[in-house]
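Student: Pasting a structure below so you can have a look.
The values are calculated or read from the model by the stated rules, or taken from the named source; none is laboratory data. Note that the structure is predicted; figures quoted are calculated from it, not measured. Heads up, the Cβs are rebuilt from the backbone with ideal geometry, glycines too, and the neighbour counts pull from every protein chain shown. Side chains included, ligands, DNA and RNA excluded: accessible areas come from the protein's heavy atoms. Shrake-Rupley method; radii C 1.70, N 1.55, O 1.52, S 1.80 Å.
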Amino acid sequence: MKRKLCGRLGALSLAFVMAASFCPQTLAASKQSAQATGFENNNTSLNMTQVARYDSGMTNADGGVMEIVDYNYKNGYAYAVNGQKGVLTAISMKKISSNKSLVSLSGRDINVRELVEEDNFAYGDMTSVAVSPDGKTLAVAIQAEGYADNGRAAIFTCNSNGSLTLLRIVETGVQPDMITFTPDGKKILTANEGEPREGYGDGTVDPAGSVTVIKTKGYSAVTTGFGAYDSEGARSDLVNKNIVLKKDTAPSVDLEPEYIACNNKTAYVTLQEANAVAVLDLSANKFKNIFSTGFEDYSKVAVDIDKKDEEYKPQTYDSLRGIRMPDAVSLVNIKGRDYLLTANEGDSREWGEYLNEDERNFGKNKTSPTGAITADNSGLKGKVVFFDAEDYDGLDEGCDYLFGGRSFTMFKVTKNGLKECFDSGNDFEAKTAAYLPEYFNCSNDDLTIDDRSGKKGPEAETVTSGKIKGRTYAFVTLERIGGVMAYDITNPADVSYINYINSRDFSSDVAVDDSPEGLKFVPAGKSPSGEALLLAACEVGGTVAVYDLVRK
C-alpha cells in the first residue's frame with residue numbers, strides 16, 4: 001500500500017502530529033521550499049536546522065546524481081560529484097548566514113573529463129572528491145572505462161573563484177572508489193575496489209583490490225594489495241577471524257576496499273563485502289592486519305523483517321544475524337585514543353550471472369536458509385532477502401544471515417584489534433518509525449511503507465564526526481528513508497542518541513534531499529555562518545542539503 005503526502009491530508013496530519021510531539025517544526029520538507037528541523041530540536045543538546053540547499057535540477061531513482069561532497073574553507077566553495085552528468089559541481093557557500101532562513105545555493109559544473117583524459121587513459125567515471133586540509137588543492141578519483149584497468153587520481157589547484165587548475169594526474173589501482181588526504185596533507189589515498197563487474201568464471205577478470213598512496217610532494221605513488229593473504233595459512237587465519245570470503249577465491253582479488261579513514265601514520269580501510277576493516281601502515285605501505293567488524297545478533301536485538309504488515313513490529317530470531325558490512329568509516333580521537341565509527345550498510349554481489357542473495361517468500365511456506373525460521377513459528381509474510389552463505393567461508397553454518405546491520409558501531413582501536421564499545425542496535429528503525437510512521441522503512445525510490453524491511457532496512461550509508469563546543473558527535477546518513485542521525489560520542493562508554501533530521505520531500509517517490517550518500521562536517525571556525533554545518537550529498541534527489549548544528 002503506497003502512502004504519500006500529496007493528496008493525503010490524513011497522512012500529513014499523522015506524521016506532523018508525531019513530529020510535533022517532539023518539537024514544533026515543519027515536517028521534513030514536505031514542500032521543496034520548507035525548512036526542516038531536527039525532530040528533537042529544543043529537547044536535546046544539539047539543534048539541527050536546514051539552512052541551505054543546492055539543487056542540480058536532476059533526480060534519478062537509480063542514484064548517482066549528487067554523490068560525494070567536500071568543502072574548501074579557503075575559497076568558500078563546496079565541491080560535489082555529479083555522477084549522472086559526469087561533472088564536479090562547485091557550489092558557493094558564501095550566502096549562508098546564521099539567520100537560519102533557507103538559502104538556495106548556486107553552483108557551476110566543472111568538466112573534469114575534458115581536463116584529465118589522455119591518449120593512454122579512457123575516462124570512465126568520477127567517484128569521489130577530497131579537499132586538502134590547507135584548502136590549496138583538490139583531488140578526485142576517476143575510474144577507467146575498462147573495468148579491469150587502472151584508474152587515476154586527478155589533483156588540482158583550487159582558485160578563489162571556485163575554479164580548478166590541473167596540477168597532476170597519477171595512476172592508481174583498479175576502480176578507485178574513494179579518495180582522501182591524510183590530516184597533514186602530505187599524502188593522498190585511494191580505495192581501489194576492484195569489483196568483478198562481468199561476473200566470475202572463464203573469460204572474466206576479478207581485479208585485485210588495493211589502496212594507492214600518493215605523496216603530495218613529487219606525486220610518487222605506491223599501490224598496495226592483499227597478496228600477502230593468499231597463502232593457505234593466511235587465508236585460513238582470516239576465515240577463523242570471521243572475515244567473510246568467497247570460497248575457492250584468493251583474498252587478493254576477493255577483498256574490495258570501499259572507504260578510508262586515516263591519521264598521518266595509519267589508514268583504516270573498510271572491506272565491505274568481507275565484513276572487515278584492513279589496517280594499512282602508511283610508512284611501510286603494508287597492511288598490518290585485517291579485523292572483522294562483527295555481526296548484529298538478532299536473537300538479542302529486535303528487527304523488523306516483515307514487509308507485509310505495514311507497521312514497525314520488531315521481533316527477535318534465535319538463528320538470525322546481520323553481517324554488518326560497513327560502507328563508510330570515520331576515525332576520531334577522544335582523549336588521546338583512536339576510535340572507528342562504521343556505517344553498517346550491507347552489500348550484495350550481483351555481477352554477470354552471479355548473485356549472492358537468497359530470497360525466501362514466507363507467504364509461500366518457505367523457510368529461512370537453515371530452516372530455523374518458518375512462516376508458522378515467526379508469523380512472517382512476504383519476501384526476506386538472506387545472504388547466500390553456502391558460497392562463503394567465515395560464517396556459522398547454524399545461523400541465518402541478513403545483509404547489513406541497520407546500525408552504526410563504535411570501536412576502540414587497540415594493539416590487538418578493534419574492541420566494540422557501542423552499537424546503535426535497532427535505534428534507526430525505532431526512531432524513524434516514531435517520527436515518520438507512514439514512511440517506515442520506505443525506499444529512496446518508493447514511498448511504500450515497509451518496502452525495505454525484508455532487505456536492508458534504512459541502510460546506514462555514511463558516517464562522519466565533529467566537535468561542537470567541546471562535545472564530539474557522530475552523524476550517520478540513512479540511504480533509504482533519508483535523513484541524518486546524530487549521537488553524542490564524547491564519552492565512548494556512554495554514547496547517547498541526540499537528534500534526527502530529514503529534509504526529504506515526501507510528496508513524491510523521488511524528490512529533493514532523497515538518499516543522502518556523501519557527508520561533510522564543517523567546524524564552526526571554518527564555516528561561512530560561524531556555526532558548525534553538515535553537508536549531505538543526496539544521490540537520488542540530486543541535491544546537497546546544508547544543516548546548521550547548534551549546541552545549546
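Student: Restricting to the stretch 30-81, name every residue that is surrounded by fewer than 18 Cβ atoms within 10 Å (Cβ to Cβ) and among the aliphatic types (A, V, I, L, M).
Tutor: Selection gives A34, M58, A61.
Student: Is it fair to say E438 is of a type in the set (D, E, K, R), closer than 25 Å to S515 by Cα and crowded, with 24+ Cβ neighbours inside 10 Å? Can you show your working first?
Tutor: Values: of a type in the set (D, E, K, R): yes; closer than 25 Å to S515 by Cα: yes; crowded, with 24+ Cβ neighbours inside 10 Å: no.
Spelling it out, it is not the case that E438 is of a type in the set (D, E, K, R), closer than 25 Å to S515 by Cα and crowded, with 24+ Cβ neighbours inside 10 Å.
Student: I'd like the residue in the stretch 414-433 that is over 21 Å from Y317 (Cα atoms) and open to solvent by less than 30 Å² (accessible area, probe 1.4 Å) and, out of all such residues, is farthest from the chain's Cα centre (by Cα).
Tutor: G417
Student: I'd like to check something: does the stretch 243-253 contain any residue that is of a type in the set (G, A, S), closer than 19 Å to Y354 by Cα and out of contact with any helix residue (DSSP H, G or I) (no Cβ under 6 Å at 6 or more places or on another chain)? Show your work before the answer.
Tutor: Looking only at the stretch 243-253, we keep the residues that are of a type in the set (G, A, S), and these are 250, 252.
Now restrict to residues that are closer than 19 Å to Y354 by Cα: 250.
Checking the rest, the ones that are also out of contact with any helix residue (DSSP H, G or I) (no Cβ under 6 Å at 6 or more places or on another chain) come to 250.
Yes, because at least one residue in the stretch 243-253 is of a type in the set (G, A, S), closer than 19 Å to Y354 by Cα and out of contact with any helix residue (DSSP H, G or I) (no Cβ under 6 Å at 6 or more places or on another chain).
For every residue, the table says whether it meets (1) at positive phi; (2) under 22 Å from the mean Cα position of the chain (by Cα); (3) of a type in the set (S, T, N, Q).
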position: S128; (1), (2), (3): no, yes, yes
position: N150; (1), (2), (3): no, no, yes
position: L167; (1), (2), (3): no, no, no
position: E193; (1), (2), (3): no, yes, no
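To keep it simple, each residue is scored yes or no on (1) touching a Gly at 6+ places or on another chain (Cβ under 9 Å); (2) among the hydrophobic types (A, V, I, L, M, F, W, C); (3) farther than 17 Å from K307 by Cα.
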| position | (1), (2), (3) |
| --- | --- |
| G336 | no, no, yes |
| L341 | no, yes, yes |
| E345 | yes, no, yes |
| E353 | yes, no, yes |
| S378 | no, no, no |
| V384 | yes, yes, no |
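Student: Taking the stated definitions as given, is S515 touching a residue at least 60 places away in the same chain (Cβ under 8 Å), under 23 Å from S443 (Cβ atoms), open to solvent by less than 10 Å² (accessible area, probe 1.4 Å) and of a type in the set (S, T, Y)? Reasoning before the result, please.
Tutor: Working: touching a residue at least 60 places away in the same chain (Cβ under 8 Å): yes; under 23 Å from S443 (Cβ atoms): yes; open to solvent by less than 10 Å² (accessible area, probe 1.4 Å): yes; of a type in the set (S, T, Y): yes.
Against the criterion (touching a residue at least 60 places away in the same chain (Cβ under 8 Å), under 23 Å from S443 (Cβ atoms), open to solvent by less than 10 Å² (accessible area, probe 1.4 Å) and of a type in the set (S, T, Y)), S515 qualifies.
Student: It is to be established whether one or more residues within the stretch 316-334 are modelled with pLDDT under 95, open to solvent by 60 Å² or more (accessible area, probe 1.4 Å), assigned to a loop (DSSP other than H, G, I, E, B) and out of contact with any strand residue (DSSP E or B) (no Cβ under 7 Å at 6 or more places or on another chain). Can you show your working first?
Tutor: Pass one, the stretch 316-334, residues modelled with pLDDT under 95: none.
Checking the stretch 316-334: not a single residue is modelled with pLDDT under 95, open to solvent by 60 Å² or more (accessible area, probe 1.4 Å), assigned to a loop (DSSP other than H, G, I, E, B) and out of contact with any strand residue (DSSP E or B) (no Cβ under 7 Å at 6 or more places or on another chain).
Residue by residue, here is whether (1) more than 26 Å from I305 (Cα to Cα); (2) modelled with pLDDT of 95 or more; (3) part of a strand (DSSP E or B); (4) within 20 Å of the chain's Cα centre (by Cα) holds:
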position	(1), (2), (3), (4)
V476	no, yes, yes, yes
D509	no, yes, no, no
E517	no, yes, yes, yes
L533	yes, yes, yes, yes
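Student: Continuing with the same structure: Which one of the conditions (1) touching a helix residue (DSSP H, G or I) at 6+ places or on another chain (Cβ under 8 Å); (2) open to solvent by 10 Å² or more (accessible area, probe 1.4 Å); (3) on the phi > 0 side of the Ramachandran plot does G470 fail to meet, given that it meets all the rest?
Tutor: The number of the failed condition is (1).
Student: Oh, and also: If you take the residues of the stretch 335-351 that are assigned to a loop (DSSP other than H, G, I, E, B) and free of Cβ contacts under 8 Å to residues at least 24 places away in the same chain, which of them is surrounded by the fewest Cβ atoms within 10 Å (Cβ to Cβ)?
Tutor: Ranking the qualifying residues of the stretch 335-351, first place goes to G336.
Student: Just give me the residues in the stretch 434-474 being among the aliphatic types (A, V, I, L, M) and either closer than 22 Å to L320 by Cα or not in a helix (DSSP H, G or I) (or both), in sequence order. Talk me through it step by step, then tell me what you get.
Tutor: So the first thing to find is which residues in the stretch 434-474 are among the aliphatic types (A, V, I, L, M), and the list is 434, 436, 447, 449, 460, 463, 468, 474.
Scanning the stretch 434-474 gives L436, L447, I449, A460, V463, I468, A474.
Student: Of everything in the stretch 264-315, what is open to solvent by 10 Å² or more (accessible area, probe 1.4 Å) and of a type in the set (S, T, N, Q)? Give them in sequence order.
Tutor: Matches in the stretch 264-315: N264, T266, S283, N285, N289, S292, S299, Q315.
Student: If G483 satisfies every condition in (1) among the small types (G, A, S); (2) open to solvent by 10 Å² or more (accessible area, probe 1.4 Å); (3) more than 23 Å from D338 (Cβ to Cβ) but one, which is the exception?
Tutor: If we test G483 against (1) among the small types (G, A, S); (2) open to solvent by 10 Å² or more (accessible area, probe 1.4 Å); (3) more than 23 Å from D338 (Cβ to Cβ), just (2) comes out false.
Student: Further question on the same structure: Restricting the search to the stretch 352-380, which residues are in a loop (DSSP other than H, G, I, E, B) and loosely packed, with under 14 Cβ neighbours inside 10 Å? I'd like the intermediate steps shown before the answer.
Tutor: Looking only at the stretch 352-380, we keep the residues that are in a loop (DSSP other than H, G, I, E, B), and these are 352-353, 356, 365-366, 368-373, 379-380.
G352, E353, N365, G371, G379 - these are the residues of the stretch 352-380 that are in a loop (DSSP other than H, G, I, E, B) and loosely packed, with under 14 Cβ neighbours inside 10 Å.
Student: Pick out the one residue from A228, A250 that is open to solvent by 50 Å² or more (accessible area, probe 1.4 Å) and either aliphatic (A, V, I, L, M) or within 24 Å of A460 (Cα to Cα) (or both).
Tutor: Every option except A228 fails the conditions.
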